[in-house]
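Input: a single structure, listed below in structure tokens.
The values are calculated or read from the model by the stated rules, or taken from the named source; none is laboratory data. Nothing here was measured: the structure is a model prediction, and the numbers come from that model. Cβ atoms come from the backbone with ideal geometry, glycine included; neighbour counts cover every protein chain shown.
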Amino acid sequence: MNQGNRSPKGQDTHITINGYALRAIRTLVGPSITDLAREITETPAAAEAVRTYLSHIEHGRKDRISPALFNQIVKALGIDRRCLLANPNADAGQVAA
């Protein structure tokens, strides 16, 4: 088990995201995946890494994301965070960031 993804109390610190919803919403809202990555990162190198990661998420190859990155995506797209949750009915403790 990878302890790097756990808080000191053993709770998972990542959010399960619906990548297919991310792609659909991003496409409707307008930014390309590259533009979104640039908007939520500070350096070109970070933007490229995030763009690749977002692509993996959108195509279902990954589904875990840090709360910080999740919140940056939600803010950049101007959407309610529940739109991207794999479990939109999760209680507040499961999606707190």
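Against the definition (closer than 12 Å to residue 18 by Cα, surrounded by fewer than 17 Cβ atoms within 10 Å (Cβ to Cβ) and not β-branched (Val, Ile, Thr)), how does residue 63 come out, yes or no?
yes
Taking the residues in the range 1-30 that are assigned to a loop (DSSP other than H, G, I, E, B) and over 15 Å from the mean Cα position of the chain (by Cα) as candidates, determine which candidate is modelled with the lowest pLDDT.
Residue satisfying both the conditions and the ranking: 1.
What are the residues in the range 32-42 that are at pLDDT 95 or above and out of contact with any helix residue (DSSP H, G or I) (no Cβ under 7 Å at 6 or more places or on another chain), if any?
Within the range 32-42, 32, 35 qualify.
Could you give me the residue pairs with C-beta distances under 7 Å whose first residue belongs to the range 47-69 and is more than 18 Å from residue 25 (Cβ to Cβ), whose second residue is assigned to a helix (DSSP H, G or I) wherever it lies, and which are 6+ apart or on separate chains?
47/37; 47/38
Name every residue in the range 34-55 that is assigned to a helix (DSSP H, G or I), within 16 Å of residue 65 (Cα to Cα) and of a type in the set (Val, Ile, Thr), in order of residue number.
Result: 50, 52.
For the range 42-60, which residues satisfy the criterion of being surrounded by 14 or more Cβ atoms within 10 Å (Cβ to Cβ) and touching a Lys or Arg at 6+ places or on another chain (Cβ under 9 Å)?
Within the range 42-60, 47, 50, 51, 53, 54, 55, 57, 58 qualify.
Going through the range 83-96 one residue at a time, which ones are surrounded by 13 or more Cβ atoms within 10 Å (Cβ to Cβ), more than 20 Å from residue 34 (Cβ to Cβ) and either touching a helix residue (DSSP H, G or I) at 6+ places or on another chain (Cβ under 9 Å) or at pLDDT 90 or above (or both)?
83, 85, 86, 88, 90, 95
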